[in-house]
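**Q** Here it is, the structure, as structure tokens.
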Amino acid sequence: MSTLQEVGDRESWRCWLCDEPVDSDMSVNDPRGPSIDSINTAKKGAKGKGGVERLAHRACNTRKGAVKPVVPWPDQLFVVDPAPIIGVVEQLRRKGGRVAVARCPAESDAEDASAWLLDRLSRLEPDMRFDTQIDAGGGGFLLVLRA
Ligand SMILES: [Zn+2]
């Protein structure tokens, strides 16, 4: 277990789910206040605690409850059928390779989405290296993420 200060410093006081700054001086009881999100990464049935602690706004943290955490794609990007970002990252961490993450109507949309995604992942998963590829086909452009 780490203290809130340690987790906050490690995460540069930015919420791992919504990617917005977290105010370290705000009350922990405030919805926009800081909290530690404990993510269980242990395999099912494994003993002990395999987990990581990430910084989240209290509202972002408690909202996830029993459901899986969600990193939203921004509304301004023109993407069709965007993949769940955290699920894709988990898959790439386990198996590597490449995953198609979104379809875009125009190549410039795919380039915008690629730039956003790589920037977002640099904070979401600072220990992993990603790159993207844009494949034309099917009347659109497929954005592919590789690890
Ligand atoms: Zn947040």
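**Q** Output the 0 to 90 degree angle, nearest 10, between the alpha-carbon long axis of helix 107-124 and the longest principal axis computed from the alpha carbons of the chain.
**A** It is inclined by approximately 20 degrees.
**Q** Just to confirm a number: summing +1 for Lys and Arg and -1 for Asp and Glu over residues other than ASP75 whose beta-carbon lies under 15 angstrom from that of ASP75, what do you get?
**A** Charge balance near ASP75 sits at -3.
**Q** Further question: Quote the relative contact order of the chain in percent (integer), defining contacts as alpha-carbon pairs under 8 Å separated by 6+ residues.
**A** The normalised contact order for the chain reaches 18 percent.
**Q** Suppose we flag trypsin sites (Lys or Arg not before Pro) only when DSSP calls them loop and at most 11 other Cβ atoms lie within 10 Å. Which is the longest uninterrupted stretch of the chain?
**A** Result, exposed sites excluded: 50-128.
**Q** Can I ask one more? Okay, helix-only estimate at 222 nm for the chain: each DSSP H run of n ≥ 4 adds -39500 (n - 2.57), divide by all residues, round to 500 deg cm²/dmol; what do you get?
**A** When only DSSP H runs of four or more count, the value is -9000 deg cm²/dmol.
**Q** Another question, if that's okay. Might you tell me the accessible area per residue for segment 85-146, computed with a 1.4 Å probe and given in Å²?
**A** Heavy-atom accessible area per residue stands at 52 Å².
**Q** Jot down the radius of gyration and Dmax of the chain, Cα atoms only, both in angstrom.
**A** Every Cα atom of the chain included, Rg and Dmax give 16.7, 51 Å.
**Q** How far is helix 85-95 tilted, in degrees, relative to the longest principal axis of the Cα atoms in the chain, given as a value from 0 to 90 rounded to the nearest 10?
**A** 80
**Q** Right, next: In a shell of Cβ-Cβ distance under 14 Å around ARG98, excluding ARG98 itself, what net charge do Lys and Arg (+1) and Asp and Glu (-1) give?
**A** Net of charged neighbours comes to +3.
The values are calculated or read from the model by the stated rules, or taken from the named source; none is laboratory data. Predicted model, so just to flag it, every value in this text is computed and none were measured. Don't worry about glycine lacking a Cβ; one is built from the backbone with ideal geometry, like all the others, and counts go over all protein chains shown. These area figures cover heavy atoms from the full protein model, side chains too; ligands, DNA and RNA do not enter into them. Shrake-Rupley method; radii C 1.70, N 1.55, O 1.52, S 1.80 Å.
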